[in-house]
Amino acid sequence: DAGLPLAMAVRVPLMETGRLWTRVEELRARKGTPPWSEALVLTDDIQAFIICQPPGHPNDTHYHLHDEWWVVVAGDIDWYIEDEPKPIRGRAGDFVFGPKNRWHHLEPRGPEPSIRVAINARGEFHRYDRPGCKPLP
């Protein structure tokens with residue numbers, strides 16, 4: 001869910017060998033008002049990003065060639081996933097799975113910003129070349 005192909009942006013992860021721990025509240029204080037995202041982990045195999053979005057600011061509709069999953073850290077988020085009959089409502093403490101090759105988009109809900117951790121295969125990015133997919137204007 002990073003939004004950009006890694007070739008377009010240089011990202012330095014918060015956690016790696018020598019830095020094995022970080023706190024959400026310290027990151028929130030440093031980053032300030034949402035929306036924002038930060039690379040948490042970038043290894044040879046996986047990538048994880050922490051993403052903060054205010055209510056009413058959805059992300060784009062896209063898909064991935066690899067499975068993706070999320071951990072909701074704060075707030076409420078509705079996931080719209082291809083072939084699911086209704087949105088999946090994720091709340092703080094929930095896990096949500098996004099199968100590969102199925103488009104999805106998220107809509108933060110409620111009174112506070114949402115924070116989620118998105119985990120998927122290293123180098124994966126938002127893809128739009130299927131019906132139903134489109135980047136935000």
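The values are calculated or read from the model by the stated rules, or taken from the named source; none is laboratory data. Keep in mind it's a predicted model, so treat the numbers as computed, not measured. A quick note on method: Cβ atoms are made from the backbone with ideal geometry, for glycine too, and the neighbour counts reach across all protein chains shown. Note: accessible area is taken over every heavy atom of the protein model, side chains too, but ligands, DNA and RNA are not part of it. Shrake-Rupley method; radii C 1.70, N 1.55, O 1.52, S 1.80 Å.
Assorted remarks:
- Here Leu106 does not fit the description of being out of contact with any Leu (no Cβ under 6 Å at 6 or more places or on another chain), open to solvent by less than 80 Å² (accessible area, probe 1.4 Å) and part of a helix (DSSP H, G or I).
- From Leu65, Leu106, residue being farther than 21 Å from Leu14 by Cβ and under 11 Å from the mean Cα position of the chain (by Cα): Leu106
- Taken together, the criteria place Glu82 among residues that are under 19 Å from Pro135 (Cβ atoms), open to solvent by 20 Å² or more (accessible area, probe 1.4 Å), in contact with a strand residue (DSSP E or B) (Cβ under 9 Å, 6 or more places away or on another chain) and of a type outside the set (Lys, Arg).
- Residues (more than 14 Å from Ile119 (Cβ to Cβ) and in contact with a helix residue (DSSP H, G or I) (Cβ under 8 Å, 6 or more places away or on another chain)) located in the stretch 57-96: Ala74
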